[in-house]
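The values are calculated or read from the model by the stated rules, or taken from the named source; none is laboratory data. Quick caveat, the model's predicted, so the values are computed rather than measured. Quick reminder, even Gly has a Cβ in these numbers, built from the backbone with ideal geometry, and neighbours come from all protein chains shown. Keep in mind that these areas ignore ligands, DNA and RNA; they rest on the heavy atoms of the full protein, side chains included. Shrake-Rupley method; radii C 1.70, N 1.55, O 1.52, S 1.80 Å.
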Amino acid sequence: MKEKKNNFSSRIGFVLAAAGSAVGLGNIWRFPYLAAKYGGGTFLFLYLILAVTFGFSLMLTEICIGRKTKKSALYAFSSLHKKFSFLGILACLVPIIIFPYYCVIGGWVTKYFTVYLTGQGQAATDAGFFTDFISKPAEPIFWLALFIAATAVIVMMGVQKGVEKASKILMPVLVFLSIGIAVYVLTLPGALDGIIYYVRPDFSRFSFNGLLAAMGQLFYSMSLAMGIMITYGSYVPDSENVESSVRNIELFDTGIAFLAGLIIIPSVFAFSGGDESVLSSGPSLMFITLPNVFASMKFGNVIGLVFFVLVLFAALTSSISLMETIVSIIQDKFHLKRRTTCLIVLLLSVIIALPSSLGFGIWSGITPLGMSFLDFFDFVSNSVLMPFVALFTCIFVGFIVKPTSIIEEVEKSSPFKSQKLYTILIKYVAPVLIVLILLSSVANAFGIITL
Ligand code: PHE
């Protein structure tokens, strides 16, 4: 197979594109709520430790596998070892499942962006505005198709002119906007209680479940175990220092997650005194509670608009990484042109997204495993396939191709400072942690335990 000609043109371009994938909806509503629930500062501290050890090892591994083989996940594993082609197939399934439903949520964000853009933020505070909208048959499909189309246009332009360029513009804007809104929110009366609740270490709230939640969040947040970092790694030139790139990507991801908490938690506190059930309410926090919070602020429509621009950019850079990964898999397999591939993926994704969208309306009666379609796809990909792929990746690197193969890859550009730590983590610590995540998330889904 011929090598891909795609490459990132600069280190900063690569770091921003990978950070763009990592920073997404998970950072904005999930991280703050988990931190608040599991002991504030204690959770933040633990999350950081896990990010620089566990997350670091897994991300570095994926990027190196991509760079070494110069292939998408589909062939990367099998080109290193024939018997592991199954792992490539599993890794590719994850973005194929996630992309359509992620775009359903991306469509909702696009709709809210236009609501605020046209100055109708007040309308979004009506009870029922959100549920009426998502249960309609046609309108959410229009928005999701628009969101996928926007993603497709960028991916179609290629790695340098599309993915890299979009990340170089969107990511700095995103940082700037998050800092801006956080500063504004901190001036609100009552915000201080929210900050204290968010960051003050409360050891009594910390538990084993908190540890599992931190790990699960880390996985999803760093876009691991779904072939994305393998694909992006395949575009990284050998001269790049991957160790420090991974450190930068982590810093970005965790920094934005932390800032999102500084926006959301004090806002909810200023508005309603920080009811935990509100903070933990997931999509409804973003689409129902926050519009009410914004409406209660001075300049609420502007803040709401800026907030939804932020969420839209975060969602868009993540969906770009998902689509790029799928496109590179198809190109590796069928050798089609990028344009044709993008059009095929665009069309198929809209079709595959239909159940996830209609599952909130006319198809709400169909509930696989007792979940809505969107939750079901989310469960299969995040709670089952991803830990499985990550576990086998660790076994593959730890015991089959051996950590030295990754260490050599890192050292193509510069000495690998944390190689001893890396070897222990990838061989022993990460697999054990991943098995725990897998068991607990399945047990949680079947109601055996509650996380
Ligand atoms: N990392 C993203 C987040 O934190 C989630 C995501 C994973 C998005 C994979 C796209 C692809 O929200």
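For the stretch 321-354, name all the residues that are within 18 Å of Tyr232 (Cα to Cα) and either among the aromatic types (Phe, Trp, Tyr) or within 16 Å of the ligand (Cβ to nearest atom) (or both). Within the stretch 321-354, Ser321, Leu322, Met323, Glu324, Thr325, Ile326, Val327, Ser328, Ile329 meet the criteria. The single condition from (1) open to solvent by 40 Å² or more (accessible area, probe 1.4 Å); (2) among the aromatic types (Phe, Trp, Tyr); (3) in contact (Cβ under 8 Å) with a residue 24 or more places away in the chain that Phe208 fails is (3).
Filtered by the rule that a residue be over 27 Å from Tyr220 (Cα atoms) and either of a type outside the set (Gly, Ala, Ser) or within 14 Å of the ligand (Cβ to nearest atom) (or both), the stretch 95-132 gives Thr114, Val115, Tyr116, Leu117, Thr118, Gln120, Gln122, Thr125, Asp126, Phe129, Asp132.
Pro100 falls short on exactly one of the conditions (1) of a type outside the set (S, T, N, Q); (2) farther than 29 Å from Phe258 by Cβ; (3) over 16 Å from the mean Cα position of the chain (by Cα), and that condition is (3). Of the residues making up the stretch 269-292, just one is open to solvent by less than 30 Å² (accessible area, probe 1.4 Å), more than 22 Å from the chain's Cα centre (by Cα) and at pLDDT 85 or above, namely Pro291. Taking residues in the stretch 123-149 that are open to solvent by 50 Å² or more (accessible area, probe 1.4 Å), and partners anywhere that are polar (S, T, N, Q), the pairs with Cβ atoms closer than 8 Å and at least 6 places apart or on different chains are Leu146/Thr110. Tallying residues that are polar (S, T, N, Q) and either open to solvent by 10 Å² or more (accessible area, probe 1.4 Å) or not in a helix (DSSP H, G or I) (or both) within the stretch 38-72 yields 4. Checked against the criterion of being within 16 Å of the ligand (Cβ to nearest atom) and part of a helix (DSSP H, G or I), the candidates Ala76, Ala35 yield just one match: Ala35. Residue count for the stretch 236-270 satisfying the condition of being under 20 Å from Phe56 (Cα atoms), among the aliphatic types (A, V, I, L, M) and either within 13 Å of the ligand (Cβ to nearest atom) or not in a helix (DSSP H, G or I) (or both): 4.
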